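Below you'll find the structure, written out as structure tokens, and then a few comments.
The values are calculated or read from the model by the stated rules, or taken from the named source; none is laboratory data. Please read all numbers here as calculations on a predicted model, not as lab measurements. Neighbour counts are summed over all protein chains in view; Cβ atoms, including those assigned to glycine, are modelled from backbone coordinates with ideal geometry. Protein only, heavy atoms only, side chains kept; ligands, DNA and RNA dropped before computing areas. Shrake-Rupley method; radii C 1.70, N 1.55, O 1.52, S 1.80 Å.
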Amino acid sequence: MPGPLHGIKVFEVSQIVAGPYCGLNLADLGADVVKVEPPAGEGIRASGGFIPGESKGFHALNRGKRSLVLDLQAPEAQALVHRIIPNFDVFIINARVGVPERLQVDYETLRKFRPDLIYFENTGFGRRGPYAKASGSDAVAQAYSGLLAGDGKVDEYGAPEIITATAPADFHAGLAGAMAISAALYHRERTGEGQFIETSLLQAGLALQATRIGRLPPIDVATTDVMMDRVRKVQAEGGSYREQIAARGSMFDQSGRAAARLFYGGYAVKDGGVILGALTPLNRQQMRKAIGIEDDPTADPEFNSLDPENKKLVEQMLERVRGIMLTKTMDEWVEAFAAVGAPISKVNYPEEMADDPQVEAMGYMIDLEHELTGPEKTVGPIVFMSETPTGTSMPSPPLGRHTEEILREHGIEDGEIALLRDAGAIV
């Protein structure tokens, strides 16, 4: 059966993560996604490349798409886009503010050729304000939005340490784009109207931290304001970044929930580490039972973790729990906590997850055959649907693999294709 977006045609001019991830999700929903790249290919093809033009990152973010190589700097290529864009429903671009206008692929230009076009643009900081034209990346968005300081990591030299396990702002922006495009398609189905959609890495970074960034005076006066006063004092005294982060404290110190870290966070165990994820009083009581603690003072509903004396009790309990957790292995603790229904996980390595039994049972990985590099197993769609299947059997495309095929579909004859090639507009 076709996917829910079967018949929708997407013109994607993007690179690295946010734009490609947006297009990937649309491809998984059944859209025909044409990925437009410059003659040398997009940058992530060479990032960790194992053969020329192919990398694991490119394969993961661009499966299910077809490749069209255009030199959008060339007037002939720009004219070609204007000619074929009426056949597309969606246009995706992630670039610095001003680049779409320079390439003649901005919303106001393209909507002249397709009035009901749905146009999605992702930038670093948004289209207005003092940073509108600044160059952005996920690491920069982490820093500007507070994600990086919120994570609280400092490297061995005392410098800020970026979140490297993933690119949170990039992926969140891409997923938001796919959501908004799907909603815009529904709106167009009802009204006939296209529209301009925008997000930014900064906006995505803020959205990921709504519970910290928002202002709520009744709680902030006793937590956030106190914490930031400590930070500003260290700054005023010329303190280092490491000292500022130490003054800021952890998320539990900020929220007044210091006792919660007893059962919400990580512990070292005999053969690795585990994460406890208690979110309710019941969860915490289950965990006390699993580790054999019956005299936890923080179990009292009236316990105030902001009281200096009580903070000492929390630290003592933490030391006690740390000692207990070191007595068993990851699997032993997982079994013990599961027996009482408490949320726990051993800390897995991402390189192990492709063969994880739970991942396999749910079918989260898919097997593909790439025409240049052979068989591969990769992460499949982020969502399943009962009546309209998601996912794709197409691997990522070799550079320019579908250029002539796509142009012919849109009425470009072979003779004109040859002229475009000679002019350097296509490859």
Query raised in the report: Taking amide H positions as placed 1.01 Å from N in the peptide plane, with prolines and chain starts having none, which residues 5 or more places from ILE16, or on another chain, fall under 5 Å of its amide H?
Result: GLY43, ILE44
Query raised in the report: What list of ³J(HN,Hα) couplings, whole Hz, do you get for region 278-292 from phi and the Karplus terms 6.51, -1.76, 1.60, once you set θ to phi - 60° and write x for glycine and proline?
Result: 5, 10, 9, x, 4, 4, 5, 5, 4, 6, 4, 5, 5, 9, x
Query raised in the report: Mind listing P(r) for the chain? All alpha-carbon pairs, 10 Å bins, whole percents.
Result: 4, 17, 24, 22, 17, 10, 4, 1, 0
Query raised in the report: In a Debye calculation with equal point scatterers on the alpha-carbon sites of region 291-409 and no solvent, what is log10 I(q)/I(0) at q = 0.12, 0.13, 0.15 Å⁻¹?
Result: -0.74, -0.80, -0.90
Query raised in the report: Between PHE196 and ASP151, how many nm apart are label points set 7 Å from Cα along the C-beta direction?
Result: 3.3 nm
Query - Value at 222 nm in deg cm²/dmol, rounded to 500, when DSSP H runs of n ≥ 4 in the chain each add -39,500 (n - 2.57) - result: -11500 deg cm²/dmol
Requested in this report: Output the antiparallel fraction of DSSP beta bridges having both residues in the chain, as a percent to the nearest 5.
Outcome: 45 percent
Report summary line: The long-range amide H neighbours of SER200, using H built 1.01 Å from N in the peptide plane and a cut-off of under 5 Å, are THR123
**Report entry** Distance between modelled label sites at ALA268 and GLN316, nm, 7 Å Cα→Cβ extension
**Finding:** 2.4 nm
Query raised in the report: With r defined as the distance between the Cβ atoms of ILE163 and LYS133 and R0 fixed at 25 Å, what FRET efficiency is calculated, to the nearest 0.05?
Result: 0.50
Query raised in the report: Quick one: of the DSSP bridges fully inside region 1-120, what percent are antiparallel, nearest 5?
Result: 10 percent
Requested in this report: Mind giving me the nanometre distance, one decimal, between the label points for ARG83 and ALA299, set 7 Å out from Cα along Cα→Cβ?
Outcome: 7.7 nm
Report task. Translational diffusion coefficient, Stokes-Einstein: compute it for region 269-341 using the Kirkwood radius over C-alpha pairs as Rh, at 25 °C and 0.890 mPa s, and state it as an integer in µm² s⁻¹. Result -> 187 µm²/s
Report task. Enumerate the calculated ³J(HN,Hα) couplings along region 221-233 in order (Karplus 6.51 cos²θ - 1.76 cosθ + 1.60, θ = phi - 60°), each rounded to whole Hz, writing x wherever the residue is Gly or Pro. Result -> 4, 9, 10, 4, 5, 5, 4, 6, 4, 5, 4, 5, 5
Report task. Hey, could you get me the Stokes-Einstein D for region 345-415, Kirkwood radius over alpha-carbon pairs, 10 °C and 1.306 mPa s, rounded to whole µm² s⁻¹? Result -> 104 µm²/s
Query raised in the report: Quick one: which of LYS9/LYS377; LYS153/LYS270; LYS153/LYS233; LYS328/LYS377 span more than 28 angstrom between C-alpha atoms?
Result: LYS328/LYS377
Query - Whole-angstrom gap from region 269-345 to region 19-84, using each part's C-alpha centre - result: 48 Å
Report summary line: For THR390, other-chain or 5+-apart residues with amide H closer than 5 Å (H placed, Pro excluded) are MET385
Query raised in the report: When the accessible area of region 172-251 is computed with all protein chains present and a 1.4 Å probe, what percentage of it is carbon and sulfur?
Result: 59 percent
Query raised in the report: All other residues with a Cβ under 12 Å from the Cβ of GLY424 taken together, and with Lys, Arg as +1 and Asp, Glu as -1, what is their net charge?
Result: -2
